[in-house]
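Every number here is computed from the coordinates shown, using simple stated rules; none is lab data. Just so you know, these numbers come straight off a predicted model, no measurement behind them. Cβ sites come from the backbone with ideal geometry, for glycine too, and all protein chains shown count toward neighbours.
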Amino acid sequence: MTTTRSFLTLPATLLAVALLSGALSACAPLLLGGAAVGGAMVYADRRTSGAQLEDQGVELKAGPRIREAIGERGHVNVTSFNRTVLLTGEVPTEADKAAAEAAITKLENVRATLNELVVAPNSSLVDRSNDALITSKVKASYVDAKDIFANAYKVVTERGVVYLMGRVTEREADRGVAIARGVSGVTKVVKAFEIITEDELAGYRTRTAPPASPTPAR
């Protein structure tokens with residue numbers, strides 16, 4: 001199992017992006033978004049409330065825009081995190097791949113796009129069910145790990161390839177990748193993180209820490 005890494009500089013942040021290519025299979029409706037995890041070491045979302053709303057808006061608007069661009073051809077998943085949009089799935093031609101990305105870049109509140117669409121037949125329902133299972137197992141592994149904040153990671157799986165998004169430190173990024181690589185069925189892990197410093201994380205934790213319970217008077 002291999003993990004490819006590269007780094008792109010974005011305004012005020014570093015986006016750690018691992019780009020890959022590979023064969024796939026598929027055909028189906030547009031799927032949007034992703035879910036957050038709950039449980040031990042779950043932390044509040046590290047995006048601002050405004051960014052969370054903007055990401056939801058981007059995902060909602062993406063479906064109609066992509067259908068306008070490529071019709072019902074292909075199987076395209078759209079995941080927006082902190083105004084960076086990840087496109088995964090399959091399309092029939094390179095022109096469709098480019099058209100889908102162009103449609104997304106025109107949306108308001110899109111800062112960057114990571115186009116991981118593959119020119120290939122649409123994946124089967126069995127393949128997608130397997131991907132959903134892998135995503136669930138990765139999220140559960142993050143909760144079980146106890147030493148990381150499970151909710152800091154957004155997990156997307158396509159054809160056994162796990163894409164990881166989130167605002168994390170280098171330490172958290174490496175730990176998240178290591179855990180995901182150990183999950184059965186994962187063929188590759190792709191990092192698409194925004195890297196923050198340990199000081200930024202400490203400041204964030206201080207700002208979001210719950211207030212101390214008052215000491216009862218005696």
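Hey, which of these cross-link pairs are over 27 Å Cα-Cα: 61/191; 61/137; 106/137; 137/191; 97/154? Could you put the intermediate results ahead of the total?
Working: 61/191 25 Å; 61/137 29 Å; 106/137 34 Å; 137/191 18 Å; 97/154 23 Å.
Cα-Cα > 27 Å for 61/137; 106/137; rest within.
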Practice task
Could you work out how far apart the two model spin labels at residue 130 and residue 49 are, taking each label as a point 7 Å from the Cα in the direction of the beta carbon, and quote it in nm?
Solution key: 4.3
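Tell me the net charge near residue 141. Cut-off is 13 Å between Cβ atoms, residue 141 excluded, with +1 for each Lys or Arg and -1 for each Asp or Glu.
Working: positive: 137, 139, 146, 175, 181; negative: 144, 147.
Local net charge: +3.
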Practice task
Would you order 46, 171, 73 from fewest to most other beta-carbon atoms within 10 Å of each residue's own beta-carbon?
Solution key: 171, 73, 46
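Calculate the FRET efficiency for residue 170 and residue 140 from the Cβ-Cβ distance with a Förster distance of 22 Å, rounded to the nearest 0.05.
Working: r = 24 Å, r/R0 = 1.09.
E(calc), rounded to 0.05, equals 0.40.
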Completion exercise
Fewest-first ordering of 93, 88 by Cβ atoms within 10 Å yields 93, 88
Handout entry: Positive minus negative residues near residue 115 (Lys, Arg vs Asp, Glu; Cβ under 9 Å)
Key = -1
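Write down the percent of antiparallel bridges among all DSSP beta bridges whose residues are both part of region 111-203, to the nearest 5. Provide the component values of the computation, followed by the final result.
Details: 5 of 13 bridges.
Beta bridges within region 111-203, antiparallel portion: roughly 40 percent.
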